[in-house]
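Report on the following structure.
Where a number appears in this text, it was derived from the coordinates with a stated rule and is not lab data. As the structure is a prediction and not an experimental result, all values here were calculated from the model. Don't worry about glycine lacking a Cβ; one is built from the backbone with ideal geometry, like all the others, and counts go over all protein chains shown.
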Amino acid sequence: MERHNKSKLLNRLSRVEGQVRGISRMVDEDRYCIDIMTQLQAVRAALAKVETELMREHIDHCVASAFSSGDPDQQRQKADELVTLLQRTMR
């Protein structure tokens, strides 16, 4: 599927990549642990935003398409995918 917000997602991921490189430098420079952990929390939050955007896009396009198709097998597959993803998230 072609992503409608591909450039937005890639920009967010590039920022995350830069943050991770910055954290590596902080560790290498023996920076204060709390400062490093603060940056790690920022990276997790940024990745969560990317994940939320991808989930929204998947529901708006892939899941909606399956349910509008009227194909019960396709509908069940998309519902199962979401349940599996949520189960992994809860671990």
message = Can you show me the helix-derived [θ] at 222 nm for the chain, built from DSSP H runs with n ≥ 4 at -39,500 (n - 2.57) apiece and divided by the number of residues, rounded to the nearest 500.
response = -27000 deg cm²/dmol
query = Residue by residue, what Karplus-based ³J(HN,Hα) values in Hz, rounded to whole numbers, does the range 5-19 have, using 6.51, -1.76 and 1.60 with θ = phi - 60° and x for Gly and Pro?
reply = 10, 4, 5, 5, 5, 5, 5, 4, 5, 5, 5, 4, 4, x, 4
ask   = In whole Å, what is the distance between the alpha-carbon centres of the range 51-67 and the range 74-89?
value = 12 Å
message = I need the fraction of alpha carbon pairs in the chain separated by more than 20 Å, rounded to a whole percent.
response = 53 percent
inquiry  = Net charge within 14 Å of Gly22 by Cβ-Cβ distance, Lys/Arg positive one each and Asp/Glu negative one each, not counting Gly22 itself?
reply    = 0
inquiry  = Springs between alpha-carbon pairs under 10 angstrom, Gaussian network model over the chain: which of Glu17, Glu53, Glu81 fluctuates most?
reply    = Glu81
key: Listed residues Arg56, Arg15, Arg31, most fluctuating in the chain (Gaussian network, C-alpha, under 10 Å)   = Arg31
message = Could you tell me the calculated FRET efficiency between Asp73 and Gln41, based on Cβ-Cβ distance and R0 = 30 angstrom, to the nearest 0.05?
response = 0.15
ask   = To the nearest 20 debye, what is the magnitude of the charge dipole of the chain about its Cα centre, counting +1 on the Cβ of each Lys and Arg and -1 on the Cβ of each Asp and Glu?
value = 200 debye
task = Using label points projected 7 Å from each Cα along Cα→Cβ, tell me how many nm separate Glu51 and Lys8, to one decimal.
result = 1.9 nm
query = Normalised by the residues of the chain, what does the relative contact order come to in percent, with Cα pairs under 8 Å and at least six apart?
reply = 25 percent
